[in-house]
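Next up is a structure, given as structure tokens.
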Amino acid sequence: MDSTYKSIIETAYKQTNLLENKGKVATYIPELANVDDSMFGVHITTLDGTGFGMGNNLQKFSIQSIAKVLSLTLAYKILGEKIWTRIDVEPSGTKFDSLLLLETYHGIPRNPFINYGAIVICDILLSLLDDAREEFREFVRDLSDIPDLNYSDKIADSEKAHGYRNTALCNFIKSFGNIENEPAAVLDFYFDMCSLEMNCQQLSKTFTFLANGGHKLLDNKKIISKSKSKRINALMLTCGFYDESGEFAFKVGLPGKSGVGGGIVALYPGNYAIAVWSPRLNPNGNSFKGMKLLENVTTHSELSIF
Ligand code: DON
């Protein structure tokens with residue numbers, strides 16, 4: 001590990017830790033509110049395979065919407081460019097759970113990362129695979145090298161019991177004919193997918209494939225083509241933070257993806273992937289401290305994709 005990255009992370013972590021945390025833990029998934037909101041971890045993995053972490057970087061958390069990048073990767077890998085007939089690649093400029101644009105665009109989601117886009121991706125995987133729940137978990141297990149990687153039934157059940165907005169979204173898309181399977185089955189898989197748990201070290205390692213031209217770092221196995229990897233990174237940059245995507249590109253300058261569990265992953269193609277976790281969220285549903293830390297990292301390193 002290049003010692004400059006190490007000292008940049010140390011400085012960024014310490015400086016961010018001094019800030020007053022104005023964020024609030026998500027409560028609409030009741031189980032998420034039970035997390036210790038003082039948790040704060042960061043881990044960077046560079047493409048030489050080494051890593052460096054601080055704080056609660058080894059504590060697992062619910063990766064939530066970050067998993068949407070992995071479900072998109074699997075669906076895109078299998079279906080190829082045909083996927084874009086079901087889903088668009090435009091920023092939404094709306095919150096992650098907004099229903100607003102679905103009627104305007106006749107049930108075609110603006111992008112794969114807003115909730116209803118990820119719900120359509122789950123529908124696609126259900127149609128393509130015999131056992132989507134199991135095969136998606138296997139795909140992520142293999143990609144992440146986490147042998148005990150699993151869904152959290154506790155989190156998924158908690159979200160299922162309160163998922164009225166996602167249920168509305170799924171049913172509404174079905175009315176336009178852009179959901180092939182039964183909405184209940186699509187939603188079950190979607191909630192399970194969001195409940196995957198990882199720690200910052202595992203998350204940063206897992207996402208190195210997108211910094212490495214679509215190839216897994218450990219054995220150089222091709223996960224997706226270079227072109228697909230570029231496109232997924234472009235979507236993370238333009239849509240990864242919902243109506244705060246412009247601000248993330250402006251302040252951090254890297255492709256990234258947030259989750260309502262307080263995790264954020266970002267990557268610098270050809271260099272590193274970094275994951276940060278702090279459960280208290282800003283009003284846009286993105287980790288308050290996570291956003292600040294990453295801004296601090298690219299400001300100090302003076303390295304971004306721009
Ligand atoms: O569907 C939901 O609302 C959650 N399972 C995921 C939302 C999420 O992570 C938004 N990201 N910041």
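Which of the residues that make up region 226-242 are assigned to a helix (DSSP H, G or I) and within 16 Å of the ligand (Cβ to nearest atom)?
235, 236, 237, 238, 239, 242
Can I ask one more? Any residue at all in region 81-95 that is polar (S, T, N, Q), assigned to a loop (DSSP other than H, G, I, E, B) and more than 16 Å from the ligand (Cβ to nearest atom)?
No; the residues of region 81-95 include none that is polar (S, T, N, Q), assigned to a loop (DSSP other than H, G, I, E, B) and more than 16 Å from the ligand (Cβ to nearest atom).
Right, here's the next one. Could you check residue 153 against (1) in contact (Cβ under 8 Å) with a residue 40 or more places away in the chain; (2) out of contact with any helix residue (DSSP H, G or I) (no Cβ under 8 Å at 6 or more places or on another chain); (3) within 13 Å of the ligand (Cβ to nearest atom) and say which number it fails?
Going through (1) in contact (Cβ under 8 Å) with a residue 40 or more places away in the chain; (2) out of contact with any helix residue (DSSP H, G or I) (no Cβ under 8 Å at 6 or more places or on another chain); (3) within 13 Å of the ligand (Cβ to nearest atom) one by one, residue 153 breaks only (3).
Sort out which residues of region 249-289 are touching a strand residue (DSSP E or B) at 6+ places or on another chain (Cβ under 6 Å), closer than 16 Å to residue 301 by Cα and either within 13 Å of the ligand (Cβ to nearest atom) or of a type in the set (Lys, Arg) (or both), and write them in order of number.
Across region 249-289, there are no qualifying residues.
Got a number for residues in region 217-241 being touching a strand residue (DSSP E or B) at 6+ places or on another chain (Cβ under 8 Å) and basic (Lys, Arg)?
Count: 2.
Quick one: which residue in 74, 19 is away from the ligand (no atom under 16 Å from the Cβ) and in the same structural domain as residue 206 (by TED's automatic domain parsing)?
19
Quick one: which residue in 242, 272 is farther than 22 Å from residue 54 by Cα and either buried (at least 24 other Cβ atoms within 10 Å of the Cβ) or in the same structural domain as residue 74 (by TED's automatic domain parsing) (or both)?
Being farther than 22 Å from residue 54 by Cα and either buried (at least 24 other Cβ atoms within 10 Å of the Cβ) or in the same structural domain as residue 74 (by TED's automatic domain parsing) (or both) holds for just one of 242, 272, which is 242.
Acidic (Asp, Glu) and free of Cβ contacts under 8 Å to residues at least 12 places away in the same chain - does that describe any residue in region 280-300?
Scanning region 280-300, I find no residue that is acidic (Asp, Glu) and free of Cβ contacts under 8 Å to residues at least 12 places away in the same chain, so the answer is no.
Moving on to the next point. Tally the residues that are within 16 Å of the ligand (Cβ to nearest atom) and in a helix (DSSP H, G or I), restricting the search to region 105-124.
Residues flagged as within 16 Å of the ligand (Cβ to nearest atom) and in a helix (DSSP H, G or I) within region 105-124 amount to 9.
Just for region 55-69: of the residues that are assigned to a strand (DSSP E or B) and under 13 Å from residue 275 (Cβ atoms), which one is nearest to the chain's Cα centre (by Cα)?
So, considering only residues that are assigned to a strand (DSSP E or B) and under 13 Å from residue 275 (Cβ atoms), the one nearest to the chain's Cα centre (by Cα) is 61.
Going by what's in this entry, would residue 76 be described as hydroxyl-bearing (Ser, Thr, Tyr), in contact with a Leu (Cβ under 7 Å, 6 or more places away or on another chain) and surrounded by 14 or more Cβ atoms within 10 Å (Cβ to Cβ)?
no
Considering only residues that are closer than 25 Å to residue 301 by Cα, touching a strand residue (DSSP E or B) at 6+ places or on another chain (Cβ under 9 Å) and not in a helix (DSSP H, G or I), which ones fall in region 1-49?
Within region 1-49, 1, 2, 39, 40, 41, 42, 43, 44, 45, 46, 47 qualify.
In region 156-191, how many residues are over 16 Å from residue 102 (Cα atoms), within 10 Å of the ligand (Cβ to nearest atom) and under 18 Å from the mean Cα position of the chain (by Cα)?
Residues flagged as over 16 Å from residue 102 (Cα atoms), within 10 Å of the ligand (Cβ to nearest atom) and under 18 Å from the mean Cα position of the chain (by Cα) within region 156-191 amount to 5.
Applying the selection to region 105-127, what residues are out of contact with any Gly (no Cβ under 8 Å at 6 or more places or on another chain) and aromatic (Phe, Trp, Tyr)?
105, 116
The values are calculated or read from the model by the stated rules, or taken from the named source; none is laboratory data. A quick note: this is a predicted structure, and the numbers were derived from the prediction, not measured. All Cβ positions, even for glycine, are placed from backbone atoms using ideal geometry, and neighbour counts span all protein chains on display.
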